[in-house]
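A.B. asks: Take this structure first; my questions come after.
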Amino acid sequence: MGEPAPAPFQGEIAEFLSWLRHEKRYSPHTLTASARDLEAFTAYCAQARVSQLAQVDQHLVRGFIAARHRAGIEPASLHRYLSSLRSFFKRQVHEGRLQANPATAVRGPKLRRKLPVVISQEALAAALDQPAEGHWEQRDHALVELLYSTGLRLSEVHGLDLGQLAGGQNEVTVNGKGGRQRIVMVGGKARTALTAWLELRPTVAAPGEAALFVGRNGQRLSRAAIGQRLKLWAQRSGLQTHLHPHRLRHSFATHVLESSGDLRAVQEMLGHANLSTTQIYTHLDWKRLAQVYDQAHPRAKRGKKDP
């Protein structure tokens with residue numbers, strides 16, 4: 001057997017990722033995902049003996065997506081592959097390396113949009129009202145309160161520094177997806193929990209450590225550790241659900257929308273570039289209203305037949 005063909009387009013991909021990093025200011029997580037998607041595509045091209053950009057057409061891209069689909073890749077991931085490829089080839093067209101984007105006409109499988117799982121206000125309140133004891137329980141309590149109060153993403157809370165909240169601030173500026181900045185409000189309960197944590201933090205933080213939340217090594221709490229701490233906090237608090245940062249973000253958005261009905265405000269709070277992304281929470285709100293109607297209206301009972 002001969003040597004496998006080298007992966008093509010490596011120079012173009014390196015330039016593209018550099019552009020995403022320095023010009024578009026994409027997060028490290030997004031950059032890693034884009035690089036992984038393009039690596040899978042170039043491996044497919046190498047197997048197909050395609051070594052030049054000009055050889056790539058919509059049939060090759062469609063074949064790649066079909067092969068990934070046959071390999072059991074979920075529709076959501078297939079759409080992410082297509083998004084990465086469209087962005088990459090759009091850049092190549094802009095730079096004059098291609099005449100047309102071969103991924104534009106390729107469609108992914110039908111995507112069923114799952115409604116996010118939301119924790120009830122009552123369940124969260126009951127868990128958060130439990131007292132925290134010791135350094136690490138107080139840190140975890142402050143972490144959960146802050147995530148629920150602000151709707152921050154995991155990457156955003158991971159990147160918070162001490163100086164952003166050490167002075168009793170009731171708002172904080174964060175860098176979201178695509179380098180977009182926004183100001184988020186810190187509620188009274190979260191502020192109280194943060195103040196309690198900040199009183200304890202100097203005894204466990206490494207000298208000169210800038211991070212707001214630190215681990216047992218005194219350094220910035222990693223993303224993986226944040227996820228683990230939320231899981232343990234939920235178990236310790238008797239919260240009957242798997243807890244992760246995005247579930248708190250979903251709960252924040254849903255509860256604010258239920259109370260205010262202001263979708264535009266929720267969009268701003270979440271840092272969504274498009275209102276369509278935020279609109280999924282209107283489906284959640286309608287589902288809740290329908291349940292209330294069925295339970296409260298004497299002549300509702302829409303799912304049952306009269307005897």
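Readers should treat all values here as calculations from the given coordinates under stated rules, not as data from a laboratory. From a predicted model like this one, the values you see are computed outputs, not experimental measurements. Cβ atoms come from the backbone with ideal geometry, glycine included; neighbour counts cover every protein chain shown.
A.B. asks: If I fit a long axis through the Cα atoms of helix 245-260 and take the longest principal axis of the Cα atoms of the chain, what angle between them do I get, 0 to 90°, rounded to 10?
C.D. replies: 60
A.B. asks: Just order 58-68, 167-177 by mean Cβ neighbour count inside 10 Å, highest at the front, would you?
C.D. replies: 58-68, 167-177
A.B. asks: Tell me the net charge near Gln138. Cut-off is 13 Å between Cβ atoms, Gln138 excluded, with +1 for each Lys or Arg and -1 for each Asp or Glu.
C.D. replies: -1
A.B. asks: Separate question: Sort segment 136-247 into rounded, prolate or oblate with this rule: let a ≥ b ≥ c be the square roots of the eigenvalues of the Cα gyration tensor; rounded if a/c is under 1.5, and if a/c is not under 1.5, prolate when a/b is larger than b/c, oblate otherwise.
C.D. replies: rounded
A.B. asks: Can you put Ser276, Ser83 in order of Cβ neighbours within 10 angstrom, beginning with the fewest?
C.D. replies: Starting with the residue having the fewest Cβ neighbours, the order is Ser276, Ser83.
A.B. asks: Could you tell me whether segment 2-95 comes out rounded, prolate or oblate from its Cα gyration tensor? Rule is a ≥ b ≥ c as square roots of the eigenvalues, rounded for a/c under 1.5, then prolate if a/b exceeds b/c, otherwise oblate.
C.D. replies: oblate
A.B. asks: Does anyone have the angle between helix 134-150 and the longest principal axis of the chain? Alpha-carbon axes, 0 to 90°, nearest 10?
C.D. replies: 70
A.B. asks: Right, something else. May I ask which residue of Ser120, Ser83, His94 lies farthest towards the positive end of the charge dipole of segment 78-137, with charges of +1 (Lys, Arg) and -1 (Asp, Glu) on Cβ and the Cα centre as origin?
C.D. replies: Of the options given, the answer is His94.
A.B. asks: If you don't mind, there's one more thing I want to ask. Return the label of the correct value of Cα Rg over 2.2 N^0.38 Å, as calculated from the structure shown, out of (1) 1.22; (2) 1.06; (3) 0.96.
C.D. replies: The value computed from this structure is option (1).
A.B. asks: Hey, another quick one. Compute the signed sum of charges (Lys and Arg +1, Asp and Glu -1) over the other residues within less than 10 Å, Cβ to Cβ, of Val214.
C.D. replies: Once all neighbours under 10 Å are counted, the net charge is +3.
A.B. asks: Name the long-range amide H neighbours of Asp161: under 5 Å, sequence gap of 5 or more, or other chain; modelled H, no Pro or chain starts.
C.D. replies: Long-range HN contacts for Asp161: Leu212.
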